[in-house]
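Notes for the one structure printed next.
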Amino acid sequence: MADGAWDSPALVLELEDAVRALRDRIDRIEQELPTRVNLSAAPAPAPPVPTALHSKMDELEGQLLAKVLALEKERAALSHSSHRQRQEVEKELDALQGRVAELEHGSSAYSPPDAFKVGIPIRNNYMYARVRKAIPELYAFTACMWLRSRSGGTGQGTPFSYSVPGQANEIVLLEAGHEPMELLINDKVAQLPMTLKDNSWHHICIIWTTRDGLWSAYQDGELRGSGENLAAWHPIKPHGILILGQEQDTLGGRFDATQAFVGDIAQFNLWDHVLTPAQVLGLANCTAPLLGNVLPWEDKLVETFGGAKKATFDVCKGRTKA
């Protein structure tokens, strides 16, 4: 038998049958020994053959016993290996069945990386979200987002703020108290004719370019206001901190509860260029989704703090019922 055949269960059983047959032969030989000695006609003392034969049989029996023990170990190891392999196969089958179930449920079982919202339930100075991606120097930008304010009729607070070293108000969208909504660029201010106080989802886009400080503001796909000379010829500085839900008085901190946002934020995207009115409308009516090329709305890039929560949410499917 080949040395590599011990891992076959059939061959192990065959060898065990051979061992049992050899044991039977040994038993028969031991039973015949007294008869053979008694039939000898010579009056001389019994020859030493039976003693030598017994010794040989003892040696053979010892070898067989050792082989049987080895076979038992081999069989136990084979059983353990088979059990482990069976567990691995069952685990793989479970994973495949789970994947099949997801595919059978279709797109409803798939949650894309941008299908979530950030919720801030109460006004305070410690709940917020931070976008974990560096912003480069910008000579123009478009910032779009879905907002649902739950401020109870008062100012909606600060949906987002971007601060850099030496300038806490590099970009801020803010509505404080009963004042109109404001856009701050490098601490310069433009008032935006928009209102979000009905506890409903609204799509907001803010567009600005350093050339002549031109700006425009869209709500639900419609142009609500535009102007110029807002921080004209000032480039947006890089390597700052972007916060959702709080206004920064210093780089990354010193929040004021009276300026905090209360409600839900989704699909905050930032581009390094001006989007066209058609692109803005496509985002607002959910016919042409577009991720920001500077900051895309992705779960892995948004970290929440202080009790602000991320929740699975598709704004285009659920904005009227979420």
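Keeping to segment 249-273, report how many residues are part of a strand (DSSP E or B) and under 29 Å from the mean Cα position of the chain (by Cα).
10
When segment 152-165 is examined, which residues are found to be at pLDDT 95 or above and open to solvent by 10 Å² or more (accessible area, probe 1.4 Å)?
Residue satisfying the conditions is Pro165 alone.
Run down Glu137, Glu175, Glu182 and say which single residue is acidic (Asp, Glu), open to solvent by less than 10 Å² (accessible area, probe 1.4 Å), at pLDDT 75 or above and under 29 Å from Leu291 (Cα atoms).
Glu175
Suppose we filter Thr276, Thr250 for residues that are open to solvent by 40 Å² or more (accessible area, probe 1.4 Å), under 19 Å from Met127 (Cβ atoms) and of a type in the set (Ser, Thr, Tyr); which single one remains?
Just a single option satisfies the conditions, and that option is Thr250.
Can you run down the residue pairs with Cβ atoms below 8 Å, 6 or more apart or on separate chains, where the first is in segment 263-278 and free of Cβ contacts under 8 Å to residues at least 60 places away in the same chain and the partner is surrounded by fewer than 22 Cβ atoms within 10 Å (Cβ to Cβ) and in a strand (DSSP E or B)?
Hits for this filter: Pro277/Leu223.
Which residue is farthest from the chain's Cα centre (by Cα), if the candidates are limited to segment 180-232 and must be closer than 25 Å to Asp264 by Cβ and of a type in the set (S, T, N, Q)?
Here the residue is Gln191.
Within segment 303-317, is even one residue assigned to a loop (DSSP other than H, G, I, E, B), in contact with a helix residue (DSSP H, G or I) (Cβ under 9 Å, 6 or more places away or on another chain) and farther than 16 Å from Arg132 by Cα?
no
For the structure I just gave you, tell me whether Asn229 is open to solvent by 10 Å² or more (accessible area, probe 1.4 Å), over 20 Å from Leu281 (Cα atoms) and part of a strand (DSSP E or B).
No.
Inside segment 286-300, can you point out the residues that are surrounded by fewer than 17 Cβ atoms within 10 Å (Cβ to Cβ) and touching a helix residue (DSSP H, G or I) at 6+ places or on another chain (Cβ under 9 Å)?
Pass one, segment 286-300, residues surrounded by fewer than 17 Cβ atoms within 10 Å (Cβ to Cβ): 286-291, 293, 299-300.
Selection gives Cys286, Thr287, Ala288, Pro289, Leu290.
On the basis of being out of contact with any helix residue (DSSP H, G or I) (no Cβ under 9 Å at 6 or more places or on another chain), modelled with pLDDT under 95, under 22 Å from Leu283 (Cβ atoms) and surrounded by 21 or more Cβ atoms within 10 Å (Cβ to Cβ), does Ser200 make the cut?
no
Could you go through segment 232-248 and let me know if any residue there is touching a Lys or Arg at 6+ places or on another chain (Cβ under 6 Å) and outside any strand (DSSP E or B).
No; the residues of segment 232-248 include none that is touching a Lys or Arg at 6+ places or on another chain (Cβ under 6 Å) and outside any strand (DSSP E or B).
Given (1) of a type outside the set (Val, Ile, Thr); (2) open to solvent by 70 Å² or more (accessible area, probe 1.4 Å); (3) modelled with pLDDT under 95, identify the lone condition not met by Glu303.
Among (1) of a type outside the set (Val, Ile, Thr); (2) open to solvent by 70 Å² or more (accessible area, probe 1.4 Å); (3) modelled with pLDDT under 95, Glu303 violates only (3).
The values are calculated or read from the model by the stated rules, or taken from the named source; none is laboratory data. Fair warning: this is a prediction, and the values are worked out from it, not measured in the lab. When we count neighbours, we look across all protein chains shown, and the Cβ atoms used for this are built from the backbone with ideal geometry, even at glycine. We work out accessible area using only protein heavy atoms, side chains counted, and drop any ligands, DNA or RNA first. Shrake-Rupley method; radii C 1.70, N 1.55, O 1.52, S 1.80 Å.
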